[in-house]
Amino acid sequence: MSHPQPAGTPDATGSADLGDLTVLNPATEEVVAVVPAADAAAVDRAVTRATAAQTRWAALAPTDRARLLRRYADTVDTHVEELAALEVREAGHLPGNARWEAGNARDLLLYAAGGVERLTGRQIPVPGGWDVTFQEPLGVVGVIAPWNFPMPIAAWGAFPALAAGNAVVLKPAETTPLTALRLAELALDAGLPEHLFQVLPGHGRVAGRALVDHPGVAKIVFTGSTRTGREVMERCARQIKRVTLELGGKSPNIVFADADLKAAADPFSFLDNSGQDCCARTRVLVQESVYDEVADHLARELAAVVVGDPTDPATTMGPLISRQQVERVRSFVPDDAPALRGGAPDGPGFWFPPTVLTGERPDSAAAREEIFGPVAVLLPFTDEQDAIRLADDTPYGLSGSVWTRDLGRALRVTQAVRAGNLSVNSHSSVRYWTPFGGYRQSGVGRELGPDALTAFTETKNVFISTEGPAQ
Ligand code: NDP
């Protein structure tokens with residue numbers, strides 16, 4: 001089976017329109033905004049401006065940089081409602097989720113600001129002198145963000161980079177540039193230096209590539225598909241450019257028979273954000289003795305999901321981001337596939353019903369590939385070893401959950417599964433103060449957490465002789 005490839009990839013079928021960006025409300029298909037797209041020359045100018053701004057920024061006292069970032073956090077805080085409303089309109093997120101996302105950007109700013117004065121080196125004992133290390137900023141960091149969580153993911157790349165003394169040029173996804181543009185305006189309102197944090201909406205194949213290829217950009221932070229991430233990494237390799245990749249996922253939800261089955265089989269573990277979440281637990285692995293019970297529970301829960309316009313308070317799941325994404329998701333779900341299904345609206349908007357495929361083989365495309373929509377597969381396992389084998393049976397390793405009341409088993413399984421972010425008896429994955437990232441084809445490097453700033457520095461080691469020149 002072939003699945004539609006995203007526009008903007010080198011071998012995408014059809015010709016991608018590389019003109020201005022038309023931002024649609026995915027719930028209504030109404031035009032929210034038309035935004036000019038940056039070309040390679042605009043990227044070049046932005047990097048030149050950022051280089052000058054970074055030199056001045058890094059020369060400021062750490063206390064001053066921290067104070068400005070805290071002021072920026074305060075400014076974001078007073079605009080949480082506005083930013084959230086923008087996210088609802090351009091990305092189709094539920095208002096509650098969108099408020100959380102704006103708050104996440106604010107909180108990460110405060111957390112990163114707290115790191116500025118703590119970005120210390122080390123003193124290492126050596127004979128004949130002193131040895132000290134410094135964490136120096138890289139220079140200009142390029143951030144390429146996706147459309148599924150436009151605001152938090154932009155923030156995760158940009159804010160720790162700024163706190164570590166870098167300038168940032170951010171290219172948001174072409175479908176969702178508005179919240180990032182607003183965040184950059186708010187940075188200026190808060191008093192951050194001009195050109196320190198620039199947002200350049202544009203097409204991946206043009207502005208994204210120009211940022212990746214620009215010799216003045218020291219590091220790329222990319223979040224998106226494994227396919228595009230591979231290209232970004234190859235291009236970065238030509239310049240030995242630093243790169244962090246946060247890529248796809250096909251995360252397991254491992255449900256043992258002794259678990260709290262209702263909590264474990266919460267369909268919002270894969271339906272949140274309409275399943276457009278790299279951490280979505282889209283492979284529900286259930287011990288065979290409770291498979292039927294879990295399937296019955298999921299059938300009832302899917303029927304109760306209210307899919308609709310996010311501005312309707314009754315809605316519990318919104319639209320997908322685009323018609324193209326609906327087509328991509330549909331390509332994994334033939335009409336006659338055995339499945340549990342909920343409902344979805346007709347008419348304008350990009351809709352797909354919540355779906356759990358029940359007849360998939362573990363090696364099918366739907367069971368192994370990232371679908372990025374409200375679709376999970378339900379697969380039985382026999383015992384602990386079988387669960388671990390199935391959990392790891394994809395090229396990915398981003399996230400996952402383990403549900404059991406047996407503590408020893410929970411520990412054994414979380415140690416065995418090859419993934420960067422696991423939860424026991426919980427579906428939560430992401431906190432700005434804990435590290436986030438993937439094993440294997442889910443990515444390279446980590447974002448967030450206590451080492452977030454360090455990822456935007458080079459370590460310099462200096463030895464100072466105490467012996468002095470011979471007298
Ligand atoms: P992409 O990975 O292609 O896009 C992510 C970002 O990269 C966007 O800003 C995009 O710009 C940019 N980009 C695209 N091509 C290049 C390039 N050659 N060089 C530099 N930057 C580039 O994902 P799509 O939006 O096309 O989504 C397709 C699929 O990817 C989804 O169905 C999903 O499976 C997966 N995905 C996974 C995400 C995750 O967090 N794991 C996030 C988003 C998507 P532009 O918007 O202009 O294309």
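Each reported figure results from applying straightforward, stated rules to the coordinates on display, with no laboratory input. Keep in mind the model is a prediction, meaning the values are calculated, not measured. Positions of Cβ are generated from backbone atoms using ideal geometry, with glycine treated the same way; all protein chains shown enter the neighbour counts.
Rg and Dmax of the chain, Cα atoms, in Å?
Both quantities, over Cα of the chain: 23.2, 90 Å.
Using 1/(1 + (r/R0)^6) with R0 = 30 angstrom and r between the beta carbons of Glu82 and Val306, what's the FRET efficiency to the nearest 0.05?
0.70
How high is the relative contact order of the range 252-424, in percent, with contacts defined as C-alpha pairs under 8 Å that are six or more residues apart?
It comes to 28 percent, rounded to a whole number.
Please list the three semi-axes, largest first and in whole Å, of the ellipsoid equivalent to the range 154-311, using sqrt of 5 times the eigenvalues of its alpha carbon gyration tensor.
Rounded to whole Å, the semi-axes are 39, 20, 14.
Between Leu60 and Gln239, what length comes free when the chain is fully extended (0.36 nm per residue of separation minus the Cα-Cα distance, one decimal in nm)?
61.5 nm
Just want to confirm a number: the relative contact order over the range 228-292, from Cα pairs under 8 angstrom separated by 6+ residues, in percent.
37 percent
Within the chain, how many Lys pairs sit with Cα atoms under 27 Å apart, leaving out pairs fewer than 8 places apart on the same chain?
Taking the Cα cut-off of 27 Å, the pair count is 8.
Could you list the residues of the range 442-471 with an amide nitrogen less than 11 Å from a label point located 7 Å from the Cα of Thr133 in the Cα-to-C-beta direction?
Residues 458-462 fall inside that zone.
If you take every residue apart from Gln54 with its C-beta less than 13 Å away from the C-beta of Gln54, what net charge results, scoring Lys and Arg +1 and Asp and Glu -1?
Spelling it out: positives minus negatives among the neighbours equals +2.
Please report the antiparallel percentage of the DSSP beta bridges confined to the range 252-424, to the nearest 5.
15 percent
Within the chain, which DSSP H helices have Cα atoms that stretch 27 Å or more along the helix axis and a mean Kyte-Doolittle hydropathy of at least -0.5?
The qualifying helices are 40-59, 95-116.
With the cut-off at 1.5 for a/c, could you classify the range 339-455 from its C-alpha gyration tensor as rounded, prolate or oblate?
Cα axes put the range 339-455 in the oblate bin.
Identify the GluC sites (Glu not before Pro) of the range 367-471 meeting these criteria: DSSP loop state and at most 16 other C-beta atoms within 10 Å of the C-beta.
Those satisfying the criteria are Glu467.
Taking the Cα centre of the range 252-424 as the origin and placing charges on Cβ (Lys, Arg +1; Asp, Glu -1), which of Thr394, Ile254, Pro348 is farthest toward the positive end of the dipole?
Thr394
Below 8 Å, C-alpha to C-alpha, sequence gap of six or more: please give me the relative contact order for the chain in percent.
It comes to 18 percent, rounded to a whole number.
Rounded, prolate or oblate: which fits the range 252-424, taking a ≥ b ≥ c as square roots of the Cα gyration tensor eigenvalues, rounded meaning a/c under 1.5, else prolate when a/b beats b/c?
prolate
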